[in-house]
Amino acid sequence: MQESPEQSYFRLRFWGVRGSIPVSDAEMQGGGGDTACVEMRCGSQVLLFDAGSGLRRAGEVLAREGVAEFDLFLSHWHYDHIIGLPFFRPLMQENCKAVIWAGRLDSRLGASEAVAAFMRPPFFPVCPKMFQAAVVYRDFEPGDILKPQHGIILRTARLQHPGGVIGYRVEYRDKACVYMTDVAAAGEEIDPAAADLARNADLVIYDCMYTDVEVAEHGGYGHSTWQRAVRLCRAAGVARLALFHHAPERTDKALAELESQARAEFPGAFAARSGKMLLL
Ligand SMILES: [Zn+2]
Ligand SMILES: [Zn+2]
């Protein structure tokens, strides 16, 4: 039987690219104000990475597109990566199925416990037991290999960030895409775990919250720089680099400047912007 093109493509869509907190300033809307959420579509399977504020719009658009099954992979429990979950409308729809995946990090919190811990009064009126969708929680250990759907392999690793963070490498067909955000800038050395995950990937989405100059001036707060991202991508033989998790104060103009500096050093680099879609 012939495969349709939709069955074989590996497509990426950025729903939220901002770091730390959503921003609504007019001069930042070209990049986008929503926090971390990335969709990878492997054939008809939808994988979502992180539940930042960008997840709200992802839920609306995917529902219109008729998608009712999701695998949601969380990198860690910091607010900017989970704050969209209570506003992900598919969870309130009976016909939807969602699997929420999370690695056990320093807190050892499981996914079900962590979601129940932040979706509860007095912080928020809606609790997970009010979800109408069929929701399954899957906990794993960093380093585990996950097979959420036929033909899709996810390699995982624990990376350096306060409390820990999971990096994901998604392999589908002959392509590999790596989602690696909230990673500390640790000196000049390249983290071997990050390099292993990124090895020969077609695309790496990486924490480029700061520049090397900014980190030298005020520290990195567990975040990285585009210069470090470029060093990692060169060392690991990566084809393309998406600068991600932009600082809340980074204007569109400043982001365009960073993008052109990064591109001069590494031609495969580009700034992730909300709404951007690309084929791997
Ligand atoms: Zn973050
Ligand atoms: Zn974080």
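The values are calculated or read from the model by the stated rules, or taken from the named source; none is laboratory data. Please read these numbers as outputs of a predicted model, since none were measured by experiment. A quick note on method: Cβ atoms are made from the backbone with ideal geometry, for glycine too, and the neighbour counts reach across all protein chains shown. Side chains included, ligands, DNA and RNA excluded: accessible areas come from the protein's heavy atoms. Shrake-Rupley method; radii C 1.70, N 1.55, O 1.52, S 1.80 Å.
If you go through region 16-30 one residue at a time, do you hit one that is in contact with an Asp or Glu (Cβ under 7 Å, 6 or more places away or on another chain), surrounded by fewer than 23 Cβ atoms within 10 Å (Cβ to Cβ) and farther than 23 Å from Y210 by Cβ? Give the derivation first.
So the first thing to find is which residues in region 16-30 are in contact with an Asp or Glu (Cβ under 7 Å, 6 or more places away or on another chain), and the list is 16, 18-22, 27-28, 30.
Pick out the ones that are also surrounded by fewer than 23 Cβ atoms within 10 Å (Cβ to Cβ) and you get 20-22, 27-28, 30.
With farther than 23 Å from Y210 by Cβ added as a condition, the list becomes none.
No.
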Members of region 162-176 found to be under 16 Å from I152 (Cα atoms) and either of a type in the set (K, R) or open to solvent by 10 Å² or more (accessible area, probe 1.4 Å) (or both), listed by number: R169, E171, Y172, R173, D174, K175
If I filter region 188-201 for residues that are modelled with pLDDT of 95 or more and in contact with a Gly (Cβ under 6 Å, 6 or more places away or on another chain), do I get at least one hit? yes
Single unsatisfied condition, S75 versus (1) more than 16 Å from ligand 2 (Cβ to nearest atom); (2) touching a His at 6+ places or on another chain (Cβ under 9 Å): (1)
With open to solvent by 10 Å² or more (accessible area, probe 1.4 Å), away from ligand 2 (no atom under 16 Å from the Cβ) and closer than 20 Å to P162 by Cβ as the only criterion, which of A239, A193, A185 stands out? A193
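Among the residues of region 229-246, which ones are within 16 Å of ligand 1 (Cβ to nearest atom) and at negative phi?
Keep residues of region 229-246 that are within 16 Å of ligand 1 (Cβ to nearest atom), which gives 229, 242-246.
Matches in region 229-246: A229, A242, L243, F244, H246.
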Identify, please: which residue in region 46-72 is within 16 Å of ligand 2 (Cβ to nearest atom) and free of Cβ contacts under 8 Å to residues at least 40 places away in the same chain and is, among those, nearest to V170 (Cα to Cα)? A51
Within region 20-33, considering residues that are within 12 Å of ligand 1 (Cβ to nearest atom) and not β-branched (V, I, T), the one farthest from L91 (Cα to Cα): S20
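Test D207 against the criterion of being modelled with pLDDT of 95 or more, under 23 Å from G54 (Cα atoms) and more than 20 Å from the chain's Cα centre (by Cα), and give yes or no. Steps first, answer last, please.
Numbers: modelled with pLDDT of 95 or more: yes; under 23 Å from G54 (Cα atoms): yes; more than 20 Å from the chain's Cα centre (by Cα): no.
When the stated conditions are applied, D207 does not pass them.
Looking at region 200-214, can you tell me whether even one residue there is buried (at least 24 other Cβ atoms within 10 Å of the Cβ) and of a type in the set (S, T, Y)?
Applying the first criterion (buried (at least 24 other Cβ atoms within 10 Å of the Cβ)) to region 200-214 yields 201, 203-210.
Subset that is of a type in the set (S, T, Y): 206, 210.
There is at least one residue in region 200-214 that is buried (at least 24 other Cβ atoms within 10 Å of the Cβ) and of a type in the set (S, T, Y).
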Here are the criteria: (1) under 23 Å from P148 (Cα atoms); (2) within 16 Å of ligand 2 (Cβ to nearest atom). Tell me which single one D34 does not satisfy. (1)
Restricting to region 181-202, name every residue that is over 9 Å from L232 (Cβ atoms), assigned to a helix (DSSP H, G or I) and not charged (D, E, K, R). P192, A193, L197
